[in-house]
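Data block below; observations after.
Each reported figure results from applying straightforward, stated rules to the coordinates on display, with no laboratory input. Keep in mind that this is a model prediction, so the values were computed, not measured. For neighbour counting, all protein chains shown are included, and Cβ atoms are generated from backbone atoms with ideal geometry for every residue, glycine included.
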Amino acid sequence: MADEERIPTVIAENAHIIYRIHGSVSAAQNSPVSSFRRLVTRTKSAAVREVHAVKGVNFIAYKGEAIGLIGTNGSGKSTLLRAIAGLLPVEAGGAIYAAGQPSLLGVNAALMNDLSGERNVVLGCLAMGMTPAEVKGQVDDIIEFSGINERGDFSSLPMRTYSSGMGARLRFAIAAAKKHDVLLIDEALATGDAKFRKRSEQRVRDLRAEAGTVFLVSHSEQSIRDTCERTIWLESGELRADGPTEDVMKEYETYVKK
Amino acid sequence: MAQTTVVESYTGPSAKELARKYGLGAAGRLPSLLEYTRQLWAYRHFIWEFAGAKVSAALGNTRLGMVWQVLTPLFNAGVYYVIFGVLLNTKGGVHNFIPYLCTGVFIFGYTQSVVQAGIQAISGNLGLIRALHFPRASLPLSITLVEARNMIASIAVLMGIVLLTGEPINLQWLLLVPALLLQTIFNAGFAMLVGRLGSKLHDLRQLIPFIMRVWMYGSAVLYPVTRFTEHLHGWKLNLVLANPMLVYIELMRHALMENVKLAASPTLLWTEAVIWAVVMGIGGYAYFWRGEKGYGRG
């Protein structure tokens, strides 16, 4: 494929992401006396600590690509996804550009647990910017796709009664119901049974066919191999490798087994 | 080889030029106020649904469900009736003290519950904020809508109390509609203000109960407003009269009750009510909008 025909959807240029964490004090520092001393002497709280999670990452993602993000725990994968979604700011000197509004889909994405699954579908769809008419047409499809009704009428029960797999499946089904220019999936495919994983992989492929770009963070090498042809390997916030999934995976496996 | 792609991407135009060429936006860019308002308008259905969802989630576990929307203000009024009407028999020179008291309690309670819920508008919905992209002002606005719905039930109860205690129905009652509307705008702005403050300053949540209690004593809720107007003069009186809560409470008493002694002339009160609604409504909205991109950080 010639470079001119490829349309970029996400460009990261020298992206640094730093977390500033408040309140990370040890028990000794957190006593009333020491808090008071800090206030009186006006010393800056030692509680603000910086974590440099992503260190100068560069890449360009193109339309129609599915990109896997791999790396050991704490390597900055989820942080990078959040930055692409515009939820975390990139430090000055770098930038991330994206087409449209990328949406982040993670297993932590909490909807309202006291509401029925069906109501959550409506709420989630409206929150993604659908019109009420579009939502009406989609609700049944989404519930059908999530498969939560396979064991009886669960869609009318509150979400707190769902198993963790069912909740994750419903969240995935909601987010995947809309065409996204850029869809960011954080470990979502790892939950759910084999049957659902197969269906969701098919949906990810459909989303790509609808000319979006998909980023997938997963520790399951199989699901990355199955869905992504390109893989980016992050290690301690730095980009270790970026290329065809097979090549990068081979390198990553030798690194992990060391 | 794997690493080559990074190098390859820099043989072409710079990232900025590429982004402009293909119409990519910088992630985390703040939309203009007008653009933001347009987005918010497109999300009106979400705001409505979210408010409904919050009410059902809160009352879904109870047996009586929505009946609580009417029962809560009834109990509230009952408690105040027993304490001030029966036990203390407070009159304070007001000829019909029970509706006078209840109006103050209900109107103040409206703003109070908006503030208490609004301070958690962001911090209580981080999961939703981190998962889905929507104008964040939808959250404090939904909260205001929830309380506005509760307020409608409260107003129905209040009307019953006012009638039962012998106040006549007249055309002046229609004034309660604009008064409530202005207070709702004020509350929406207030919810956005404390929503942003609460997302940064977690300590504020501990302070809110005390702030609201002091504010209640300064708003002539539990005793007649004449205690202020008869004993204070000059700037102190002006300060008390500038209190938005006092203004909204007085306007409601003016609308529902005959022969009630107001803190100031109705014209002055209405002017103040409009100014407060505009200032807080626009100010709170603009302040909230400025922080839009930081809310996901928590």
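Values computed for the structure shown
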| item | result |
| --- | --- |
| Descending principal axes extents, segment A:62-201, alpha-carbon based, whole Å | 52, 35, 29 |
| Calculated FRET value between B:Leu237 and A:Gln222, using beta carbons and R₀ = 45 Å, to 0.05 | 0.05 |
| With Cα atoms, 0 to 90° folded angle of helix B:244-256 axis to chain B main axis | 50 degrees |
| Convex hull (Cα only) mean projected area of the protein assembly as shown, reported in nm² to one decimal | 32.0 nm² |
| Rg(Cα)/(2.2 N^0.38 Å) for segment B:32-290, N = residue count | 1.04 |
| Span per principal axis, largest first, for the Cα atoms of segment B:78-125 (Å) | 45, 17, 13 |
| Estimated inter-spin distance, B:Arg29 and B:Leu268, nm [label 7 Å along Cα→Cβ] | 5.1 nm |
| Zero-based 10 Å bins, Cα pair distances in segment A:130-258, whole percents | 11, 38, 31, 15, 6, 0 |
| Extension reserve of the B:Arg149-B:Arg44 stretch, reckoned as 0.36 nm per residue once the Cα distance is removed | 36.2 nm |
| For segment B:146-298, average projected area of the Cα convex hull in nm² | 10.5 nm² |
| Residue-averaged [θ]222 nm for chain B, counting only DSSP H segments that reach four residues, each worth -39500 (n - 2.57) | -21500 deg cm²/dmol |
| Dipole magnitude of segment B:32-290 about its Cα centre (Cβ charges: Lys, Arg +1; Asp, Glu -1), debye to nearest 20 | 600 debye |
| Sorted largest first, extent of segment A:188-258 alpha carbons per principal axis (Å) | 34, 27, 20 |
| Long-range tail of P(r) for segment B:234-276 (Cα pairs > 15 Å, %) | 35 percent |
| Taking all pairs of distinct alpha-carbon atoms in segment A:138-197, Kirkwood radius in angstrom | 12.0 Å |
| Helix B:44-59 axis, angle to chain B major axis (alpha carbon atoms, nearest 10°) | 60 degrees |
| Peptides A:232-244, B:258-270, A:77-89, B:205-217 ordered by average Cβ neighbours within 10 Å, highest first | A:77-89, A:232-244, B:258-270, B:205-217 |
| Inter-chain shielding of B:132-144 (mean C-beta neighbours from other protein chains, 10 Å cut-off) | 3 |
| Average partner coverage of A:125-132, which counts Cβ from other chains inside 10 Å | 6 |
| Segment B:163-241 - convex hull of the alpha-carbon atoms, volume per residue in Å³ | 161 Å³ |
| For chain A, diffusion coefficient by Stokes-Einstein and Kirkwood Rh (Cα), 25 °C, 0.890 mPa s, µm²/s | 122 µm²/s |
| Distance in nm between pseudo-label sites at B:Arg213 and A:Glu235 (7 Å out along the Cβ direction from Cα) | 5.9 nm |
| Contour excess over end-to-end distance, with Cα ends at B:Leu88 and B:Leu175 and 0.36 nm allotted per residue | 28.2 nm |
